[in-house]
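Taking it in order: structure first as structure tokens, then the write-up.
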Amino acid sequence: MKKKFDLDTILDTLLSVLPSGQKPVALHEPLFQGNEWNYVKESLDSGWVSSAGKYVDRFEKYLSEYTGAKHVIAVVNGTAALYTCLLLAGVTRDDEVFVPALTFVATANAVSYCGAVPHFADCEERTLGLDPFKLAAYLEEISELRPDGCFNKKSGRRIRAVIPMHTFGQPVDIDPLLEVCRRFRLVLVEDAAESLGSFYKGYHTGSRSEFSALSFNGNKIITTGGGGAILTNNASLAASAKHLTTQAKLPHPWSFHHDRVGYNYRMPDINAALGCAQLEQLPDFLEKKRSLALRYQKAFAEIEGVKIFREADFARSNYWLNVLLLDEKYSSNRDTLLELTNGLGIKTRPAWTLIPKLPMYQSCPQMDLSVAESLERRLINLPSSAFL
Ligand SMILES: *Cc1c(COP(=O)(O)O)cnc(C)c1O
């Protein structure tokens, strides 16, 4: 027999999983217990603290080996990585780009920087990410394939790309999404900012699409302070990505010549030094986070009306942030739970406000978003630091 749904029972269960006596408990804290100080010192001692130092190359090489993506370009943050991916995917002014309604605002902002319009897509409960089947049915209804691409029949705009996001580290169902992109001639750009260490059918997230973006912000599974990376398997796109993110400077020992408007998005060496040390610990972080996720899953399985999100059967998640989902009939308890836990110094938080509800995105096109709306009402992120 399961225990009845009750806020005290939920709080007790949460406390039983977390180490006792340690307050406050953050949502996600970085851990620096490896070679961080050594590598950062070495970077400082070398004098090459900007992008010409050896750690940037080393960090890119490690990331390429780990993810299986042939080319990696380290940049200043995940948002810049995503924006650069979209530019290289050919997203231009007045294009439409599909973005899941449930994501961090950066996904939609990167589309806006291109002068393009985000078109909001629904999610599926199995992955918390973009629903490829619902997207296919919707495209069938609203789009038209012309010689120069896929067009939205209602808005008249070209639909150029789709940006799935691996929510809290849970891989999106990529195979059917790749199929949708082939069929409707769309470019797949993965927002893998939250999913370093997450795999889909044995492939690292972001390693199979045209482009993808990682983030190493302070709250992510590994951090470089601030940082991001572009992954691609295409050598010429990789060269373009590097060119565009280094002020489009033509290589030359002394002369400064640039052949287009570029960006200063290169990751500094000092950040990459931190990243190299963090990457060495990633397998350990992953193991600890999986064990925390299993403890949450086991403890909350005893309570009626709630569940801890588990990876889909095709996925191996990094369990970056654990998710407590309330059944729809209990969703009105979400805010009380947030208040109670935060009041006790246990940092929990709701899902992001759906992007199409934000003032700057309210007038953008959207499909039926019933699943994303339901997830938004019922979802709570639980403390997920690796050392818990
Ligand atoms: C963190 C994050 C980003 C942006 O990364 P920054 O490095 O903070 O710019 C983009 N998308 C998602 C889904 C993220 O969680």
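The values are calculated or read from the model by the stated rules, or taken from the named source; none is laboratory data. Here the structure is a predicted model, which is why all the values come from computation and not from measurement. We place every Cβ from the backbone using ideal geometry, glycine too, and count neighbours over all the protein chains shown.
Quick grid of which residues meet (1) in the same structural domain as TYR62 (by TED's automatic domain parsing); (2) more than 21 Å from the chain's Cα centre (by Cα); (3) free of Cβ contacts under 8 Å to residues at least 12 places away in the same chain; (4) surrounded by 15 or more Cβ atoms within 10 Å (Cβ to Cβ):
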position	(1), (2), (3), (4)
LYS201	yes, no, no, no
LEU231	yes, no, no, yes
SER240	yes, yes, no, yes
GLN247	yes, yes, no, yes
ALA272	yes, no, no, yes
Fill in: Enumeration of residues in region 91-109 that are without any contact (Cβ under 8 Å) to a residue 60 or more places away in the chain and either of a type in the set (Gly, Ala, Ser) or within 12 Å of the ligand (Cβ to nearest atom) (or both)
ASN109
Practice prompt. Looking for whichever is within 15 Å of the ligand (Cβ to nearest atom) and in contact with a Phe, Trp or Tyr (Cβ under 7 Å, 6 or more places away or on another chain) here; the options are LEU128, LEU88. Which one fits?
Written response: LEU128
Worksheet item: Quick check, is SER240 in a loop (DSSP other than H, G, I, E, B) and more than 23 Å from VAL323 (Cα to Cα)?
Response: no
Practice prompt. Check region 14-35 and report whether any residue there is touching a residue at least 40 places away in the same chain (Cβ under 8 Å), over 30 Å from THR341 (Cβ atoms) and more than 16 Å from the ligand (Cβ to nearest atom).
Written response: yes
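Given the criterion more than 28 Å from ALA299 (Cβ to Cβ) and surrounded by 20 or more Cβ atoms within 10 Å (Cβ to Cβ), identify the matching residue among LEU354, LEU358.
Details: LEU358 fails: surrounded by 20 or more Cβ atoms within 10 Å (Cβ to Cβ).
Residue meeting the stated conditions: LEU354.
Could you list, in sequence order, all residues of region 59-85 that are more than 10 Å from the ligand (Cβ to nearest atom) and in a loop (DSSP other than H, G, I, E, B)?
Let us first name the residues in region 59-85 that are more than 10 Å from the ligand (Cβ to nearest atom), namely 59-74, 84-85.
Residues satisfying the conditions are GLY68, ALA69, LYS70.
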Discussion item. Here's a check for you: in region 213-223, which residue that is assigned to a loop (DSSP other than H, G, I, E, B) and within 9 Å of the ligand (Cβ to nearest atom) is nearest to ASP284 (Cα to Cα)?
Written reply: LYS220
Practice prompt. May I ask you to list the residues in region 5-25 that are assigned to a loop (DSSP other than H, G, I, E, B), surrounded by 15 or more Cβ atoms within 10 Å (Cβ to Cβ) and out of contact with any helix residue (DSSP H, G or I) (no Cβ under 9 Å at 6 or more places or on another chain)?
Written response: LEU18
Worksheet item: For region 109-146, what are the residues that are of a type outside the set (D, E, K, R) and more than 17 Å from VAL187 (Cβ to Cβ)?
Response: ASN109, SER112, PHE120, CYS123, THR127, LEU128, GLY129, PHE133, ALA137, TYR138, ILE142
Fill in: Subset tally (residues that are crowded, with 17+ Cβ neighbours inside 10 Å and of a type in the set (Phe, Trp, Tyr)) for region 361-388
1
Practice prompt. Sort through LEU379, LEU354, LEU321, LEU369 and tell me the only one that's within 15 Å of THR103 (Cα to Cα) and in contact with a Gly (Cβ under 8 Å, 6 or more places away or on another chain).
Written response: LEU321
Discussion item. Quick test of your reading of the structure: ARG146 fulfils all but one of (1) within 23 Å of the chain's Cα centre (by Cα); (2) farther than 19 Å from MET367 by Cβ; (3) of a type outside the set (A, V, I, L, M). Name the failing condition by number.
Written reply: (1)
Worksheet entry | Output for region 51-71, where each listed residue is surrounded by 24 or more Cβ atoms within 10 Å (Cβ to Cβ) and among the β-branched types (Val, Ile, Thr) | VAL56
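Which residues, taken from region 149-165, are of a type outside the set (D, E, K, R) and touching a residue at least 40 places away in the same chain (Cβ under 8 Å)?
Result: ASN152, SER155, ILE159, ALA161, VAL162, ILE163, PRO164, MET165.
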Response to the item:
By residue number, the members of region 331-352 that are of a type outside the set (Val, Ile, Thr) and in contact (Cβ under 8 Å) with a residue 40 or more places away in the chain are SER331, ASN333, ARG334, LEU337, LEU338, LEU340, LEU344, GLY345, LYS347, ARG349, ALA351, TRP352
Item to complete: Return yes when GLU287 is among the charged types (D, E, K, R) and modelled with pLDDT of 95 or more and no when it is not.
Response: yes
Worksheet item: surrounded by fewer than 18 Cβ atoms within 10 Å (Cβ to Cβ) and either among the β-branched types (Val, Ile, Thr) or at pLDDT 95 or above (or both) - does that describe any residue in region 168-176?
Response: yes
